[in-house]
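*Asks:* There's a structure below that I have some questions on.
The values are calculated or read from the model by the stated rules, or taken from the named source; none is laboratory data. These numbers were taken from a predicted model, which means no experiment stands behind them. Quick reminder, even Gly has a Cβ in these numbers, built from the backbone with ideal geometry, and neighbours come from all protein chains shown.
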Amino acid sequence: MFSPRLRFTLLLPILVGAGLLFVLPQVPPLVALEHRAFYPPERFHPESRYLESGPHEDFVLKVHEFGLPPDHPANIGTYRIDQETLDIMGTDQGDPLEWAQLLRQTRLPDDRLIVVTSSLSWPDALEIPLRALQDQIEQTPCLVVGLRGELLNTASPLPPELASSVIPSVPESLTLPEIDHLPVPPSVTARLFGISEVRGLKIEREGQRQRLPMLVRWEKHVLPSLQLASLLTLNDLSPGDLIVDPVGYLRLGRDGLIIPIDSSGFAFLPCEETPPRSASQLQIYPTRGETTKIIEPEHPPIPARALASQLQALNGKPPELVKTYERWPPLVELTFLVLPALLLAGRRRWLYLPVILVITATSLVFSRWFLLAPPLALLVLHLILQRLPRGDRPQATRS
């Protein structure tokens, strides 16, 4: 079929390409290039598809669908500390002792989340009332407290009460909004704090959504937003369980919820505000309260005013595995390598690239990972051998 002169331009590229099929997983730079070159259709849908790769040398890519609505939406109630609430609290209009009484009255055995969007700050409060409030907070493990932050460029150290809220592992590549000061620092310690507002940070709106930070940096430390801290508590997780994927996702545990974020740690969240009820209803009828409660001051931070709808949108079902991309069996990979090589060695070389494209498309249809380095190496080597002067080409000898 082929002249002896062409046999080497056929066999040598095939041998190199076939060898590369088996050697490639042990060459990290080539593995990294293959992962970058592999672009299944799901990569065009980052808002609903999450791609998880196992060990890179295995060439396995799992596609998860996320953002699915929960089977049973969370029952969330929003309550405001209005004048009627303060009147019931007592004559001191909401001092630490009266807040301790409010928590004790409204806490239910099956509570999943209680969010207080104000900072619980009383700079001049006496120790005994603060101790009473701290005791009630410790009996409320599902409590999350919101804090306002700002950047003053003072290089202030992280307040010790925020240490338990630090997210331990965050890629340095994310350019997160920064703070170094709390205008109203808390007077108590909670299990988890969340940043409810970054002063001076412009909130962008897009229709019924607003762009809000999910992560905030304090020097070398990263803190969760109030939305993220609430979501962690709602799912019985801590900041240490959060996985921050540099590709642009937050994942709540290995098998938990997935939230897409941009390179600045922002996510688009609903801005639809839920009309709050008076917190006096919790004081009068505590057993009628929801298991997820948001308690806000008269003038809550703007990003937290839609917290109920934001939690409803974020707290969906865990991601579902919908597809897995794997390599073809070795015999099929060799077939896909030999066929283009025969085209190159014959008279229909122009069919090489169309055939490669057809093989790639077929691989995607059948959820297979077609390695591109071997056929490209085959093509390059064939072109090099074709350009050699005939006298320099290896010649087949007859016995």
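*Asks:* Looking only at segment 300-318, which residues are out of contact with any strand residue (DSSP E or B) (no Cβ under 7 Å at 6 or more places or on another chain) and not in a loop (DSSP other than H, G, I, E, B)? Steps first, answer last, please.
*Replies:* Start the filter on segment 300-318 by keeping residues that are out of contact with any strand residue (DSSP E or B) (no Cβ under 7 Å at 6 or more places or on another chain), which leaves 300, 305, 315-318.
Within segment 300-318, no residue meets the criteria.
*Asks:* Another question about this same structure. Tally time: how many residues in segment 243-257 are in a strand (DSSP E or B) and farther than 21 Å from T292 by Cα?
*Replies:* Matching residues across segment 243-257 total 6.
*Asks:* Right, next: Would a scan of segment 347-363 turn up a residue that is closer than 30 Å to E204 by Cα and either touching a Ser or Thr at 6+ places or on another chain (Cβ under 7 Å) or buried (at least 16 other Cβ atoms within 10 Å of the Cβ) (or both)?
*Replies:* Within segment 347-363, none of the residues are closer than 30 Å to E204 by Cα and either touching a Ser or Thr at 6+ places or on another chain (Cβ under 7 Å) or buried (at least 16 other Cβ atoms within 10 Å of the Cβ) (or both).
*Asks:* Moving on to the next point. Where the second residue is modelled with pLDDT under 90 and not β-branched (V, I, T) and the first is on the phi > 0 side of the Ramachandran plot and lies in segment 51-67, which pairs have Cβ atoms under 7 Å and are six or more apart or on separate chains?
*Replies:* G67/S48; G67/G316
*Asks:* Still on this structure, please answer the following. Residues in segment 156-213 that are polar (S, T, N, Q), surrounded by fewer than 17 Cβ atoms within 10 Å (Cβ to Cβ) and touching a Ser or Thr at 6+ places or on another chain (Cβ under 6 Å): how many?
*Replies:* The number of residues fulfilling the criteria is 1.
*Asks:* For segment 321-399, give me every one of the helices (runs of 4 or more DSSP H) that falls completely inside it and has 2 or more residues that are in contact with an Asp or Glu (Cβ under 9 Å, 6 or more places away or on another chain) and at pLDDT 85 or above.
*Replies:* Filter on segment 321-399 gives 373-387.
*Asks:* Is segment 177-194 home to any residue that is assigned by TED's automatic domain parsing to the domain that holds Q312, part of a strand (DSSP E or B) and more than 28 Å from E138 (Cβ to Cβ)?
*Replies:* Restricting attention to segment 177-194, the residues satisfying the condition of being assigned by TED's automatic domain parsing to the domain that holds Q312 are 177-194.
When the remaining residues are screened for being part of a strand (DSSP E or B), the result is 178, 181, 192-194.
In the following step, the residues that additionally are more than 28 Å from E138 (Cβ to Cβ) were identified as 178.
Yes, some residue in segment 177-194 is assigned by TED's automatic domain parsing to the domain that holds Q312, part of a strand (DSSP E or B) and more than 28 Å from E138 (Cβ to Cβ).
*Asks:* Let me ask something additional. Hey, does segment 126-136 have a residue that's hydrophobic (A, V, I, L, M, F, W, C), crowded, with 20+ Cβ neighbours inside 10 Å and assigned to a loop (DSSP other than H, G, I, E, B)?
*Replies:* The answer is no; no qualifying residue exists.
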